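A.B. asks: Starting off with a structure, shown below.
The values are calculated or read from the model by the stated rules, or taken from the named source; none is laboratory data. Predicted, not measured: the structure shown is a model, and the values here were computed from it. Cβ sites come from the backbone with ideal geometry, for glycine too, and all protein chains shown count toward neighbours.
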């Protein structure tokens, strides 16, 4: 939302001759050019038009309160004023991005492409870069599909949960990018909503990869491991549903001007991301326990490599969730995952998620062969001669009779 008040630029031209006729019929005094006019918002004083000194001109008459602080993202509030308004000049206009190219105009009518959403200003150059980034991301995640499929085949059934959700995450990213590319000329937020939902696939892939590594620990509690996975899945789905519903409703509230449900929908968005942060904390604790148990198993070389990849992905996923949580609590327009600045969307959405996926894939590749006995190796025992006399001293001694 722009920081400048929005004004309706009105130019009221009154011909002094016609006004004189009206005043004669009404029996009133003659009109003074630019004289004060009483309105419901206070007294407004104009001036003589530059090119027609007999014409009164009234400029920059505000139609609503400035949309700042508590008035952001709410329907316009009627302008209330008790002082005289100086209508001799235009009020502040919407800020316009100036282009370096020659002949660029700052007119809103001539440069509608500068505006992508209410309150969001982005240059055509940044829009083109963002579109290229989206296309590049689409290609990268398409390449992730065969890589993830190869890892899944090599890891076997123990890696089914983690690498299946890795593919779910990649698919959500591909759909999100496709929708954003196809809707680049519209204000649809479908791609942004799918983008926000995609983080759930990354969380579940991380938890599944850690569970795969845990299954190679001798004597691990399989039932407890599946209980943890079930809890992570349920809470993740619940959190992402809250966040998606809250974010979608907020967009609808802004479009329809419905302020009644604003606080409720914002509360859903906050609650959703707080739940997802709690899930991430649980996955982090679960991963630490699994890693240290693997470290105590000297022969757990490949499962440890898998955990290294998962551990490297953790800070990037955390950065993504913290960013979303900050936006949910501040609703800072520049942080919006749908219409925020290019730098924010590139660094805090595209880059961190892509690096997290790369870390998971690298861990999967470095741990290939676990399903074929390359995980935990059973300890070997050296074959040493056994002294039966030391085991049971009371055992009858074996004697050898000489052959006659």
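A.B. asks: Taking the condition touching a residue at least 60 places away in the same chain (Cβ under 8 Å) and closer than 22 Å to residue 227 by Cα, does residue 314 pass?
C.D. replies: yes
A.B. asks: Checking residue 106 against (1) under 30 Å from residue 340 (Cβ atoms); (2) at pLDDT 75 or above: exactly one of these is not met. Which one?
C.D. replies: Unmet for residue 106, out of (1) under 30 Å from residue 340 (Cβ atoms); (2) at pLDDT 75 or above: (2).
A.B. asks: Please state which of the following conditions residue 294 fails to meet, knowing it meets all the rest: (1) closer than 23 Å to residue 362 by Cα; (2) assigned to a loop (DSSP other than H, G, I, E, B).
C.D. replies: Tallying (1) closer than 23 Å to residue 362 by Cα; (2) assigned to a loop (DSSP other than H, G, I, E, B), residue 294 fails exactly one: (2).
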